[in-house]
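Undergrad: Dropping a structure here in structure tokens format, bear with me for questions.
The values are calculated or read from the model by the stated rules, or taken from the named source; none is laboratory data. Bear in mind the structure is a predicted one, so any value in this text is a computation, not a measurement. Heads up, the Cβs are rebuilt from the backbone with ideal geometry, glycines too, and the neighbour counts pull from every protein chain shown.
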Amino acid sequence: MENIKERDFNLIKEKIENCQKCPLALTRNKTVCGEGNIDSPVIFIGEGPGAEEDASGRPFVGRAGQLLEKMILMYAKRKREDFFIGNIVKCRPPQNRVPSEEEVRSCTQFLEAQLLVIKPKIIVTLGATSARFFLGRDVQITKERGSFFDWYGNVKIFTTFHPSYLLRNQSKEKFSPFWYAALDMTLIGIMHQQLSENRPVDEVINEISIKLKGSTGE
Ligand code: SF4
């Protein structure tokens, strides 16, 4: 039997499936509401669905999604189902273009409703569009990845690369984007473990910040 949290999440899902609020409704095949563990203290939010996601109705199932899944397994030592994974917009922008400001504004009412239900402690933003929404300004991920920012309440934002960027930048050398993304994912695994054990978020973030500095020599 579904609990209250699942019921509320499914009610939002139904609204997303029927949504016609922005022009992306005209070109989508399936809405992509997001999926995974709605009790997870750490969640991933990307930009929007691509072709495979639009066809299947599931987030991050194309090449970028497979890379994300692999990195979660390899570096976070977790499974993708341990996290909730969603997007800023729930319908695919044609040709995978960046969603317009108006589309983001229309759609993020759903994301905000989802976040009220999920109540994550840390939101990991994948790429610049997601980070821009949460921080309210342009973000250069190459310069600002691996950083924590305050959001509403005591919710923290942790910025990292979108896996599609890593597909285009495959060098695994030290200090390459992939190397930093692997470090971020390792720390995301630690955050997930410690927050799941109910350790206070500020304590966990302090510890992670020290590890980040130690690993990058910054
Ligand atoms: S992108 Fe969001 S706001 Fe636009 S139609 Fe899809 S669900 Fe509705």
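Undergrad: Given (1) modelled with pLDDT under 95; (2) touching a Leu at 6+ places or on another chain (Cβ under 7 Å), identify the lone condition not met by Ala181.
TA: (1)
Undergrad: Could you tell me whether Val124 is of a type in the set (A, V, I, L, M, F, W, C), buried (at least 20 other Cβ atoms within 10 Å of the Cβ) and more than 13 Å from the chain's Cα centre (by Cα)?
TA: no
Undergrad: A follow-up question, please. Suppose we keep only residues that are within 21 Å of Asp54 (Cβ to Cβ) and outside any helix (DSSP H, G or I) within the stretch 1-29. Which one would you say is farthest from the ligand (Cβ to nearest atom)?
TA: So, considering only residues that are within 21 Å of Asp54 (Cβ to Cβ) and outside any helix (DSSP H, G or I), the one farthest from the ligand (Cβ to nearest atom) is Asn29.
Undergrad: A further question follows. From the list Val98, Val61, Val32, pick out the single residue that is more than 12 Å from the chain's Cα centre (by Cα), surrounded by fewer than 24 Cβ atoms within 10 Å (Cβ to Cβ), among the aliphatic types (A, V, I, L, M) and within 16 Å of the ligand (Cβ to nearest atom).
TA: Exactly one residue qualifies, and that residue is Val98.
Undergrad: Being outside any loop (DSSP other than H, G, I, E, B), out of contact with any helix residue (DSSP H, G or I) (no Cβ under 8 Å at 6 or more places or on another chain) and more than 15 Å from the ligand (Cβ to nearest atom): is that true of Glu81 here?
TA: Spelling it out, Glu81 is indeed outside any loop (DSSP other than H, G, I, E, B), out of contact with any helix residue (DSSP H, G or I) (no Cβ under 8 Å at 6 or more places or on another chain) and more than 15 Å from the ligand (Cβ to nearest atom).
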